[in-house]
Amino acid sequence: MTYQIAVGPRERKSPFFERTVAEGVTHMTIYNQMYMPVSYGDTVAEYNRLLEGVAMWDVAAQRQVQIEGPDAEKLTRYLSARDLKNCDVGRGRYVPICDHEGRLLNDPVILPIQPAQFWLSIADSDMLLWVRAIANEGRFNVRISEPDVSPLAVQGPKAVDVVANMFGDWVRDMKFFSFKKTELEGIPVVVARSGWSKQGGFELYLCDGTRGGALWDIVREAGRPFDIGPGAPNYIERLESGLLSFGADTHPDSSPYEVGLGRFVDLDRDDNFIGREALAHIAEKGPTRRLVGIIFNGNPVGFNEHPWTARVDGYIAGTVRSVCHSPRRRSNIGLALLETPCSEIGTKLEFKGGGLSYKGEVVAEPLVEPGTPLPNMAKSSS
Ligand code: THG
């Protein structure tokens, strides 16, 4: 069966859209009502480039929710389940945002741009609606907007050389999640040491959407000596490394505890935040489900279109959320959301997907230790 997703005005185009099309993007997803590239047609080559070289990703769909004004810090802290006490300007934080029942609504990176100006660099859910509602109902003195800001990620072990080539050697000393406002040939950007991979890299937050093509070309040119190529948030690498994909790995009612973000919830902080009571209750009882790493048998799988039902001795124990074949683990791997009693390491699972039956097992995370090199076998001949 072949079908296509229609392109129309209800979804937005990234400032890098035309360039990604010219580069030969083959697959897009929709994220925050914006098209986002996921593949240029050779996922193995893209994975290899991310592990051994450098890739550039249009991640403009990681939209920003900007909170500005006298109560900006107060509101940002109230929204965040993580204590932002020592969140200095110039240093980002990975933060769970929950509703009053402790359900995870989003897992943004929060960037304190100025003392009274914050960006929530969001995953795929409508944070603008949530933040505006909370701000207005709580009479916070703030302005909430979606600014003209679009991240372009440069990821991989050679990313630091490419970014130093453009901005200077000072970027080599940047700590993870630190950022700085600057410009590149007159284009306003925020340079951050961050990105959705464990291979190292930067994100350039373009602050003028009319300059997307220009920024793309500058990065492409600076990366030429390092054989940069287009890529996208890499499904295989993120599963190996254990980076959460909100909405894919999570249920609409998942708490941060069940999906491995409990370490970012601070219940003993002094100030109040949304979901505090519910989260304290869940923490005390323990989550009823847990997201765990799995390995499973069979020929190398591609990806799953939807969650697969997982059984333990015939009992429906939960769902397999995301799967792929890992070249470094030399096995099929995945993440499964299982009832807590069925989530212990060593638990045996059965599931069906794409017409095939699999046998799997719960294993420790990360599925692949950071720094594990690529086996020679996996390297493409191109
Ligand atoms: N960069 C930016 N915005 C984003 C993402 C990003 N918005 C959407 C999505 N990604 C949000 N999710 C994540 C998930 C993980 C991380 C960042 C954003 C991440 N985690 C590190 C880890 O797990 O090792 C560090 C976590 C920590 O210890 O603080 O980087 O990628 N701009």
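Right, SER80: among the polar types (S, T, N, Q), in contact with a Phe, Trp or Tyr (Cβ under 7 Å, 6 or more places away or on another chain), surrounded by 17 or more Cβ atoms within 10 Å (Cβ to Cβ) and at pLDDT 95 or above or not? For SER80, the condition - among the polar types (S, T, N, Q), in contact with a Phe, Trp or Tyr (Cβ under 7 Å, 6 or more places away or on another chain), surrounded by 17 or more Cβ atoms within 10 Å (Cβ to Cβ) and at pLDDT 95 or above - is met. Candidates are the residues of the stretch 147-174 that are under 21 Å from GLN64 (Cα atoms) and in a loop (DSSP other than H, G, I, E, B); the one that is most open to solvent (accessible area, probe 1.4 Å) is ASP148. Taking the numbered list (1) in contact with a helix residue (DSSP H, G or I) (Cβ under 6 Å, 6 or more places away or on another chain); (2) open to solvent by less than 20 Å² (accessible area, probe 1.4 Å); (3) of a type in the set (Val, Ile, Thr) in turn, ILE144 passes all entries but (2).
Let's see how each residue does on (1) open to solvent by less than 70 Å² (accessible area, probe 1.4 Å); (2) more than 18 Å from GLY212 (Cβ to Cβ):
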residue: ALA6; (1), (2): no, yes
residue: GLU11; (1), (2): yes, no
residue: VAL25; (1), (2): yes, no
residue: GLN33; (1), (2): no, no
residue: GLU46; (1), (2): yes, yes
residue: GLY53; (1), (2): yes, yes
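Scanning the stretch 307-318 for residues that are open to solvent by 80 Å² or more (accessible area, probe 1.4 Å) and either at pLDDT below 95 or in a strand (DSSP E or B) (or both) returns ARG311, TYR315, ILE316.
Checked against (1) within 16 Å of the ligand (Cβ to nearest atom); (2) open to solvent by less than 40 Å² (accessible area, probe 1.4 Å); (3) aromatic (Phe, Trp, Tyr), TYR235 meets all criteria but (2). Would you confirm whether any residue within the stretch 291-306 is touching a strand residue (DSSP E or B) at 6+ places or on another chain (Cβ under 6 Å), over 30 Å from PRO373 (Cα atoms) and crowded, with 22+ Cβ neighbours inside 10 Å? No - not one qualifying residue is present in the stretch 291-306.
For every residue, the table says whether it meets (1) within 14 Å of the ligand (Cβ to nearest atom); (2) small (Gly, Ala, Ser).
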| residue | (1), (2) |
| --- | --- |
| TYR205 | yes, no |
| LEU244 | yes, no |
| GLU258 | no, no |
| PHE264 | yes, no |
| GLY275 | no, yes |
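If you go through the stretch 91-102, how many residues are more than 12 Å from the ligand (Cβ to nearest atom) and either over 21 Å from the mean Cα position of the chain (by Cα) or surrounded by 18 or more Cβ atoms within 10 Å (Cβ to Cβ) (or both)? I'd like the intermediate steps shown before the answer.
In the first step, residues of the stretch 91-102 are kept if they are more than 12 Å from the ligand (Cβ to nearest atom); the result is 98-102.
From what's left, either over 21 Å from the mean Cα position of the chain (by Cα) or surrounded by 18 or more Cβ atoms within 10 Å (Cβ to Cβ) (or both): 98, 100-102.
Here the count works out to 4.
Could you pull out the residue among ILE274, ILE333 that is touching a helix residue (DSSP H, G or I) at 6+ places or on another chain (Cβ under 7 Å) and either part of a loop (DSSP other than H, G, I, E, B) or of a type in the set (Asp, Glu) (or both)?
Values: ILE333 fails: either part of a loop (DSSP other than H, G, I, E, B) or of a type in the set (Asp, Glu) (or both).
From the options ILE274, ILE333, the qualifying one is ILE274.
Within the stretch 239-254, which residues are part of a loop (DSSP other than H, G, I, E, B) and open to solvent by 10 Å² or more (accessible area, probe 1.4 Å)?
GLY242, LEU243, LEU244, SER245, PHE246, GLY247, ALA248, HIS251, PRO252, ASP253
Quick test for you: out of VAL259, VAL219, VAL292, pick the one residue that is under 23 Å from the mean Cα position of the chain (by Cα) and over 15 Å from GLU339 (Cα atoms).
Numbers: VAL259 fails: over 15 Å from GLU339 (Cα atoms); VAL292 fails: over 15 Å from GLU339 (Cα atoms).
Exactly one residue qualifies, and that residue is VAL219.
Being in contact with a strand residue (DSSP E or B) (Cβ under 9 Å, 6 or more places away or on another chain) and open to solvent by 40 Å² or more (accessible area, probe 1.4 Å) is the filter here, so list the residues in the stretch 355-371 that pass it. Steps first, answer last, please.
Kept after step one, since they are in contact with a strand residue (DSSP E or B) (Cβ under 9 Å, 6 or more places away or on another chain), are these residues of the stretch 355-371: 357-368.
Across the stretch 355-371, the qualifying residues are SER357, LYS359, GLU361, ALA364, GLU365, PRO366.
Residues considered: LEU128, LEU152. Of these, the only one that is out of contact with any Ser or Thr (no Cβ under 6 Å at 6 or more places or on another chain), within 16 Å of the ligand (Cβ to nearest atom) and closer than 25 Å to GLU46 by Cα is LEU152. Taken together, the residues in the stretch 324-351 that are open to solvent by less than 30 Å² (accessible area, probe 1.4 Å) and touching a residue at least 60 places away in the same chain (Cβ under 8 Å) amount to 8. Inside the stretch 158-173, residues that are among the aromatic types (Phe, Trp, Tyr) and under 16 Å from SER194 (Cβ atoms) make up a count of 1.
Within the stretch 212-230, the set of residues being within 15 Å of GLU183 (Cβ to Cβ), open to solvent by 20 Å² or more (accessible area, probe 1.4 Å) and in contact with a helix residue (DSSP H, G or I) (Cβ under 9 Å, 6 or more places away or on another chain) comprises just one member, ILE218.
The values are calculated or read from the model by the stated rules, or taken from the named source; none is laboratory data. Since the model is a prediction, treat every value here as computed from it, not as a measurement. Quick reminder, even Gly has a Cβ in these numbers, built from the backbone with ideal geometry, and neighbours come from all protein chains shown. Each accessible area value is taken on the protein alone, full model and side chains, heavy atoms only, with ligands, DNA and RNA left out. Shrake-Rupley method; radii C 1.70, N 1.55, O 1.52, S 1.80 Å.
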